[in-house]
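The values are calculated or read from the model by the stated rules, or taken from the named source; none is laboratory data. Predicted model, so just to flag it, every value in this text is computed and none were measured. Neighbour counts run over all protein chains shown; Cβ positions are idealised from the backbone, glycine included.
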Amino acid sequence: MLKYLAIRLLGLIPLLFLITLLGFGYSALFPLSNERLLNEELTPESEDNKVNIRKQKALVDYYKLNIPLFYFEIRSLAEKGGPAHISSPTERRMFRKLCLASGQGAAVKRFRDTIIDLEDQLQGQDSSSAFLIELRLLRQRPFQSISYSLNKLATISAEQAQPVLSAYEDIYSTSAPWKAGIPTILSHGLNNRYHLWLGSILSGFDWGKSYKSSSITSVTERLGYYMPWTLSISLLSILIALVVSIPLGVWMALKANSWKDKGLRNLLFFLDGVPRFWLAIIMLKLFTNPDFLHLSNSEYANAVPVEGESMFHLILRMIPFMAIPLFAYSYGYIIYLSRMVRASLLDVLSQEFLLSAKVRGVPNKKLIWKYALKNALLPVITVSGAFIPSLVSGSVILERIFSINGMGEETLRAVFEFDVPVLLGILVLSATLTLLGYLISDLISMWVDPRVRFDL
Amino acid sequence: MSSSPTPTSLIKLLKWIWRNLAMLSLGLLCLLLLFLPIIANDIPLWVHTKEHSFSPLLSPTYADQLVEEKEDKTFFTLGSYDWSAFQDGSYIWPIVPYSHTSNTERIPAAYPPLHPNPTFSKLADPPLLSRHWLGSSLGVDLLASILYGSRNSLIIVLGAGFLSLVLASLIGGLAVYFKNKPFHSSLWDFGWIILGLLGVYFWTFYSRQHLPSSLQETASKLLITCLIIGIWWIGKKVFKRIPFSFFQPSIRISLDFLILKLIEVLNTFPALMLIISLSIFFGNDVWDMVLILSLLGWTGLARIIRTEAFKLSTSGFIRTAEGLGISPISIFFRHYLPNMVSPLILPMSSSLKVLLLVESSLSYLNIGLASNQPSLGRLIATGTTNLSDWWTILFPGLTLCFLILTLHIIGEKIRDWVDPFMVPEAENRLI
């Protein structure tokens with residue numbers, strides 16, 4: 001058993017590693033994250049240019065956007081020695097095309113360095129000259145309009161534009177476009193984003209910083225802020241569901257095929273067709289409407305503990321806030337679990353060992369609640385392993401309806417704002433929990449039924 | 001003389017209708033939704049005046065032309081046409097004279113159910129059933145939006161369900177077919193395959209767009225791909241002849257294992273994350289949603305298909321068929337497929353239910369379908385903003401419940417048809 005556990009736990013590591021790789025690849029599909037960060041907050045054409053550019057550079061350094069994503073990448077020979085790891089996507093695209101069209105990576109890098117040097121030089125003298133603005137625009141333009149931009153620079157000041165123009169001529173003096181068709185592997189060494197990200201997690205459990213500018217920036221702190229809300233309500237709702245559904249299922253199994261059982265089964269069948277988000281809205285409308293039955297408050301998030309309040313009082317005070325959300329959360333579980341308890345208890349009740357126990361004179365109550373239910377709950381527990389990830393990830397729609405500051409809302413925000421560090425944190429967390437859930441349900445079914453053997 | 005209460009044919013018919021209520025109602029709904037443009041629309045089916053007699057629904061350009069010619073354009077605008085031009089004529093309206101886009105008001109208002117439409121009541125020849133039967137919200141008739149919304153929902157659910165079933169049976173079938181035939185390949189072959197894939201990626205996707213424009217046409221794209229595959233294949237054949245002792249050790253790759261791991265990894269990704277990012281790539285039209293939901297929904301079905309097919313593959317009749325040398329494809333269609341229907345039908349119907357719920361919740365959160373498409377979830381969302389418009393929440397929600405229940409009942413019906421000898425539920429023998 002211990003050996004099995006150890007091997008399974010070790011087997012999780014490569015899978016988690018694969019998931020981090022996939023997650024990083026997934027985040028690379030959204031260059032928009034960086035673009036947004038750089039363009040939305042800090043347009044280079046805005047009034048206080050100097051401050052903005054300094055801020056932009058600081059942000060790029062802070063989020064390490066100017067270093068490569070991974071250990072290596074497959075590129076063409078033309079890009080060898082070229083300007084790598086440019087943080088702005090439009091600029092990166094432009095210089096990559098220039099590399100591929102000319103085949104002279106090193107010359108392109110020299111061209112870019114010349115532009116940046118000139119920019120820095122002019123920045124010190126006059127930060128709002130037409131030449132400098134045009135020079136800065138040059139790096140943001142599409143590939144096709146480079147020569148147009150260079151012509152414009154030459155008309156503004158031929159003398160200042162001389163080094164840039166000569167560097168540009170250098171690129172095409174010995175052009176070799178055939179190099180674009182030859183693949184090479186560009187190796188970046190250990191100084192890449194993936195390595196640093198994984199290293200900081202493994203060494204100091206540091207998951208990076210969120211792109212969102214707010215009081216809480218660290219990913220662990222953010223998740224630590226949103227997690228308790230989701231976790232508390234989902235754990236409570238599971239508890240309520242178990243407390244309600246086990247007696248209900250047992251009762252239905254004992255009265256199997258009587259009119260009571262049939263009626264309840266049909267009721268559960270119809271209730272199963274009612275979407276819980278709709279039910280939640282209906283209940284909110286009915287019970288928190290000041291014009292109708294004003295029984296409860298709708299804002300769960302307002303029920304913040306006051307200092308020095310005892311746990312009992314807190315719970316008492318929270319009941320009106322929590323009643324409707326808890327009902328909406330546990331509603332689906334109750335239907336699912338009570339049907340399941342009924343079916344599995346019926347399966348167990350028809351087995352021989354219960355008959356022999358009954359013959360030996362075990363009282364009925366003990367027979368059902370101890371002998372039969374213990375066996376019948378095993379599939380229920382096994383299935384509950386599948387609930388573990390949803391305990392943490394939360395239900396976005398119910399969190400939206402009840403205005404709970406939970407993980408679902410945070411995930412939605414992170415996806416929409418392309419907040420990659422937070423997304424990666426959520427992804428790895430939910431992956432770990434899902435895999436652990438599988439493992440736990442396997443272990444429980446092994447513990448319950450020793451005949452079950454899983455291949456390693 | 002007392003007549004025995006034998007069931008008459010009418011009672012038999014009523015009983016039959018009651019037993020097949022779900023089937024019949026879904027069938028009727030599908031029929032209704034198929035002909036939706038002539039059932040719920042804001043354009044008259046037929047206009048008859050002194051000079052003209054035509055169908056504006058079928059020839060909208062002709063109607064436009066006629067409206068242009070008329071000079072006195074007065075108060076009445078509905079949809080995109082100014083029907084006041086034909087005030088002297090008579091119309092045949094659809095049963096529901098609104099569509100999901102027709103905003104009949106200058107200031108969008110919400111009317112309770114059965115409220116007459118003020119614009120229509122100004123008309124000399126109003127449609128027969130011009131009331132808002134289920135009320136209206138934001139100036140749009142609720143009944144029409146529910147009908148159009150449930151059409152979208154059904155298209156998405158049935159389309160995505162069918163596509164994910166196809167995907168799942170393809171992948172699960174492959175897993176079972178190659179379960180006992182792991183790929184034996186030498187290290188060299190393995191490396192060569194990976195090199196070939198990388199080559200295809202590089203020359204057809206990465207560097208092609210930067211190559212000279214003469215190489216960028218579709219024909220040359222195909223030519224390049226064929227060339228790569230050809231070179232790759234020749235290389236494979238040539239290098240097979242050379243006895244490299246280093247590359248000889250063979251490795252076994254089980255496709256079944258790979259597919260299981262793929263499903264496991266896909267399940268670990270939060271679904272919301274994947275749906276949103278896929279909808280950024282594909283778009284958020286109805287058919288895009290079908291594609292996205294089917295790309296995410298196949299994993300559960302594939303697992304079931306895999307286990308069921310594996311159970312079947314060890315059974316006697318399939319082994320006999322294999323021994324007789326019948327082709328795998330014919331075995332699949334004649335033996336696997338009929339035997340897989342009964343274990344698959346309930347998971348399938350519950351996955352349809354989940355798809356319906358996912359679709360409506362996504363559009364409730366305003367991240368699923370495009371906002372110009374009618375959707376039940378979005379209707380509910382518009383209702384939540386105003387506390388007094390209870391009808392905007394109630395009726396779309398009831399429609400959702402109805403759709404879910406019918407799908408569920410039909411699943412159970414089909415299971416009963418397919419598998420009449422199903423083992424009945426275990427009886428409670430003790431108490």
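Quick one: which of A:TYR211, A:TYR172 is assigned to a loop (DSSP other than H, G, I, E, B), hydroxyl-bearing (Ser, Thr, Tyr) and farther than 30 Å from A:SER338 by Cβ? Please lay out each step first, then the result.
Numbers: A:TYR172 fails: assigned to a loop (DSSP other than H, G, I, E, B).
Step by step, each of A:TYR211, A:TYR172 is checked, and only A:TYR211 is assigned to a loop (DSSP other than H, G, I, E, B), hydroxyl-bearing (Ser, Thr, Tyr) and farther than 30 Å from A:SER338 by Cβ.
Closer than 28 Å to A:VAL392 by Cα and either within 14 Å of another protein chain (Cβ to nearest Cβ) or of a type in the set (Asp, Glu) (or both), is that true of B:SER349? Steps first, answer last, please.
Details: closer than 28 Å to A:VAL392 by Cα: yes; either within 14 Å of another protein chain (Cβ to nearest Cβ) or of a type in the set (Asp, Glu) (or both): yes.
Criteria met by B:SER349.
Test each condition in (1) modelled with pLDDT of 85 or more; (2) out of contact with any Phe, Trp or Tyr (no Cβ under 7 Å at 6 or more places or on another chain); (3) within 14 Å of chain A (Cβ to nearest Cβ) for B:GLY397 and report the one that comes out false.
Just one mismatch for B:GLY397, condition (2).
So which of A:VAL452, A:VAL422, A:VAL448, A:VAL415 ends up being modelled with pLDDT under 85 and surrounded by 22 or more Cβ atoms within 10 Å (Cβ to Cβ)?
A:VAL415
Please specify each residue of the range B:264-310 satisfying the condition of being closer than 29 Å to B:ARG334 by Cα and of a type in the set (D, E, K, R).
B:ARG303, B:ARG306, B:GLU308, listed by residue number.
Please state which one of A:ALA414, A:ALA386 is among the hydrophobic types (A, V, I, L, M, F, W, C), more than 20 Å from A:PHE205 (Cα to Cα) and within 9 Å of the chain's Cα centre (by Cα).
After applying the criteria, what remains is A:ALA414.
What are the pairs with Cβ atoms under 6 angstrom where one residue, in the range A:410-427, is more than 7 Å from every other protein chain (Cβ to nearest Cβ) and the other, located anywhere, is of a type in the set (Phe, Trp, Tyr)? Sequence gap at least six, or different chains.
Once the first residue is more than 7 Å from every other protein chain (Cβ to nearest Cβ) and sits in the range A:410-427, its partners that are of a type in the set (Phe, Trp, Tyr) give A:GLU410/A:TYR226; A:PHE418/A:PHE30; A:ASP419/A:TYR211; A:GLY425/A:TRP207.
Within the bounds of the range B:254-263, is there any residue that is away from every other protein chain (no Cβ under 14 Å) and either at pLDDT 85 or above or over 30 Å from B:GLY149 (Cβ atoms) (or both)?
yes
When residues of the range A:184-235 are filtered for being surrounded by fewer than 16 Cβ atoms within 10 Å (Cβ to Cβ) and within 26 Å of A:VAL383 (Cα to Cα), how many remain?
Total meeting the criteria: 4.
Of all the residues that make up the range A:324-368, how many are more than 10 Å from chain B (Cβ to nearest Cβ), free of Cβ contacts under 8 Å to residues at least 24 places away in the same chain and among the hydrophobic types (A, V, I, L, M, F, W, C)?
Counting residues in the range A:324-368 that are more than 10 Å from chain B (Cβ to nearest Cβ), free of Cβ contacts under 8 Å to residues at least 24 places away in the same chain and among the hydrophobic types (A, V, I, L, M, F, W, C) gives 3.
Answer yes or no: is there a residue in the range B:415-431 that is touching a strand residue (DSSP E or B) at 6+ places or on another chain (Cβ under 7 Å) and either at pLDDT 80 or above or among the aliphatic types (A, V, I, L, M) (or both).
Of the range B:415-431, the ones touching a strand residue (DSSP E or B) at 6+ places or on another chain (Cβ under 7 Å) are none.
Within the range B:415-431, none of the residues are touching a strand residue (DSSP E or B) at 6+ places or on another chain (Cβ under 7 Å) and either at pLDDT 80 or above or among the aliphatic types (A, V, I, L, M) (or both).
Exactly one condition in (1) on the phi > 0 side of the Ramachandran plot; (2) assigned to a helix (DSSP H, G or I) is false for A:LYS64; which is it?
For A:LYS64, the failing item is (2).
Hey, can you tell me all the residues within the range A:105-116 that are out of contact with any Leu (no Cβ under 9 Å at 6 or more places or on another chain) and either touching a residue at least 40 places away in the same chain (Cβ under 8 Å) or not in a helix (DSSP H, G or I) (or both)?
A:ALA107, A:ARG110, A:THR114
When you go through (1) within 26 Å of B:LEU295 (Cα to Cα); (2) modelled with pLDDT of 90 or more one by one for B:PRO343, which number turns out not to apply?
Result: B:PRO343 passes all but (2).
Exactly one of (1) surrounded by fewer than 22 Cβ atoms within 10 Å (Cβ to Cβ); (2) within 25 Å of A:LEU65 (Cβ to Cβ); (3) at pLDDT below 85 is unmet by A:TYR438. Its number?
(2)
Quick one: how many residues across the range A:202-228 are under 14 Å from the mean Cα position of the chain (by Cα), under 21 Å from A:ARG400 (Cβ atoms) and at pLDDT 85 or above?
Residues meeting the conditions: 4.
May I ask you to verify whether B:PHE310 is touching an Asp or Glu at 6+ places or on another chain (Cβ under 6 Å) and within 14 Å of chain A (Cβ to nearest Cβ)?
Values: touching an Asp or Glu at 6+ places or on another chain (Cβ under 6 Å): no; within 14 Å of chain A (Cβ to nearest Cβ): yes.
No; evaluated as a whole, the condition is false for this residue.
Need at least 2 residues that are closer than 21 Å to B:TRP298 by Cβ and under 22 Å from the mean Cα position of the chain (by Cα) per element, so show me which helices (runs of 4 or more DSSP H) inside the range B:324-394 make the cut, counting only ones lying wholly within it.
Because the criterion is at least 2 residues that are closer than 21 Å to B:TRP298 by Cβ and under 22 Å from the mean Cα position of the chain (by Cα), the helices (runs of 4 or more DSSP H) in the range B:324-394 that meet it are B:337-364.
Within the group A:ILE281, A:ILE246, A:ILE240, which residue is touching a Ser or Thr at 6+ places or on another chain (Cβ under 6 Å), touching a residue at least 60 places away in the same chain (Cβ under 8 Å), more than 14 Å from chain B (Cβ to nearest Cβ) and assigned to a helix (DSSP H, G or I)?
A:ILE240
A:ASN257 versus (1) within 13 Å of another protein chain (Cβ to nearest Cβ); (2) touching a residue at least 40 places away in the same chain (Cβ under 8 Å): which is the lone unmet condition?
Unmet for A:ASN257, out of (1) within 13 Å of another protein chain (Cβ to nearest Cβ); (2) touching a residue at least 40 places away in the same chain (Cβ under 8 Å): (2).
Anything in the range A:61-86 that is within 13 Å of chain B (Cβ to nearest Cβ), modelled with pLDDT under 85 and within 32 Å of the chain's Cα centre (by Cα)? List them, or say none.
A:GLU73, A:ILE74, A:ARG75
May I ask you to list the residues in the range A:239-273 that are in contact with a helix residue (DSSP H, G or I) (Cβ under 9 Å, 6 or more places away or on another chain) and hydroxyl-bearing (Ser, Thr, Tyr)?
Result: A:SER245, single match.
Need pairs with beta-carbon distance below 7 Å; first residue part of a helix (DSSP H, G or I) and within the range A:129-150, second of a type in the set (S, T, N, Q) and modelled with pLDDT of 85 or more; sequence gap 6+ or separate chains.
Listed by first residue and then by second, the contacts come to A:GLU134/A:SER149; A:LEU137/A:SER149; A:LEU138/A:SER149.
When you look at A:ALA376, is it within 30 Å of A:MET252 (Cα to Cα) and crowded, with 21+ Cβ neighbours inside 10 Å, yes or no?
Criteria met by A:ALA376.
Evaluate the following for A:SER310: is it at pLDDT below 85, more than 34 Å from the chain's Cα centre (by Cα) and either within 14 Å of chain B (Cβ to nearest Cβ) or exposed (fewer than 15 other Cβ atoms within 10 Å of the Cβ) (or both)?
Details: at pLDDT below 85: yes; more than 34 Å from the chain's Cα centre (by Cα): yes; either within 14 Å of chain B (Cβ to nearest Cβ) or exposed (fewer than 15 other Cβ atoms within 10 Å of the Cβ) (or both): yes.
Judged against the criteria, A:SER310 is a match.
Within the range B:70-77, identify whether any single residue is under 24 Å from B:VAL140 (Cα atoms), surrounded by 15 or more Cβ atoms within 10 Å (Cβ to Cβ), at pLDDT below 80 and β-branched (Val, Ile, Thr), and answer yes or no.
yes
Considering only residues that are touching a Ser or Thr at 6+ places or on another chain (Cβ under 8 Å) and closer than 28 Å to A:LEU242 by Cα, which ones fall in the range A:412-431?
Once the filter is applied, which keeps residues that are touching a Ser or Thr at 6+ places or on another chain (Cβ under 8 Å) and closer than 28 Å to A:LEU242 by Cα, the range A:412-431 yields A:ILE426, A:SER430, A:ALA431.
Taking A:ILE381 as the residue in question, decide whether it is within 30 Å of A:LEU279 (Cβ to Cβ), buried (at least 18 other Cβ atoms within 10 Å of the Cβ) and more than 10 Å from every other protein chain (Cβ to nearest Cβ).
no
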